[in-house]
Structure formats: structure tokens, C-alpha cells
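Some notes on the structure that comes next.
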Amino acid sequence: MNFCSECNNMLYPKADKANRTLLLACRICDHKEEATNNCVYRNEIKHSVLERTHVSQDIASDPTLPRTKAAKCPSCGGREAAFFQSMTATTGMTLFYVCCTCGERWTHKI
């Protein structure tokens, strides 16, 4: 990480297309300097659908989520569940259910 010599904020990579060089530029002040290392790193974090839709047991008490009495809990047999949907290119549309009685979580792929 490089920091601005003017205001001590972080410097971000910026391409100087006219001179075909890599600059480090401050987003707060207009300070720019030529980069000593032309290596730019990019960190991409990929999560699975279940990680992105992390469900806590408190979700059953969320009044903003829709509820159904048609889904039967596989754990306790309760008939009321809060649900929401998630759609991804790899898994298609999936409904996530949370039992309002015991907090059990299950999915149903559509």
C-alpha cells in the first residue's frame, strides 16, 4: 500500500493512457506519482449461494418476510415457515424456508 505524501490517504492505481504508464493517484487531493511497481492485485471473493444467504434462526420472527402454511418442516413437522428466494445462474431459483416453530432451515429448488 502506498500513501499520499500530501494528505496521508491511500493512493489508488490509475492508468495514464497518453504516456502508457501506471500512476498512483490520491482520491482526496490531486496528488499523482508514477508507480515504482507495475503489478496491480485484485482480490475476488467468491461465495456459494448458501454463504450469501446466511440465515439465522431469528429470521423466523422477521415481520417483513412472507410466510406460508403450506410448507412442512422436515424436523418438527411445523406448518408455518418464513421464506425468501434466491436466484443464481448456476443453481436457478431456490426458495429458502425457516420454520417458525423450531428455526430449522431447508431449501426447495424451483
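For the condition under 31 Å from the mean Cα position of the chain (by Cα) and surrounded by fewer than 10 Cβ atoms within 10 Å (Cβ to Cβ), what is the one hit in Asn9, Asn2, Asn38?
Details: Asn9 fails: surrounded by fewer than 10 Cβ atoms within 10 Å (Cβ to Cβ); Asn2 fails: surrounded by fewer than 10 Cβ atoms within 10 Å (Cβ to Cβ).
Among Asn9, Asn2, Asn38, only Asn38 is under 31 Å from the mean Cα position of the chain (by Cα) and surrounded by fewer than 10 Cβ atoms within 10 Å (Cβ to Cβ).
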Report the residue count in the range 25-44 for those that are out of contact with any Phe, Trp or Tyr (no Cβ under 7 Å at 6 or more places or on another chain) and touching a residue at least 12 places away in the same chain (Cβ under 8 Å). 10
Tell me which residues, restricted to the range 86-103, are at pLDDT 75 or above and of a type outside the set (A, V, I, L, M, F, W, C). Thr94, Tyr97, Thr101, Gly103
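The values are calculated or read from the model by the stated rules, or taken from the named source; none is laboratory data. The structure displayed is predicted, hence computed values, not measured ones. Reconstructed Cβ throughout: ideal geometry from the backbone, glycine too, with neighbour counts over all protein chains shown.
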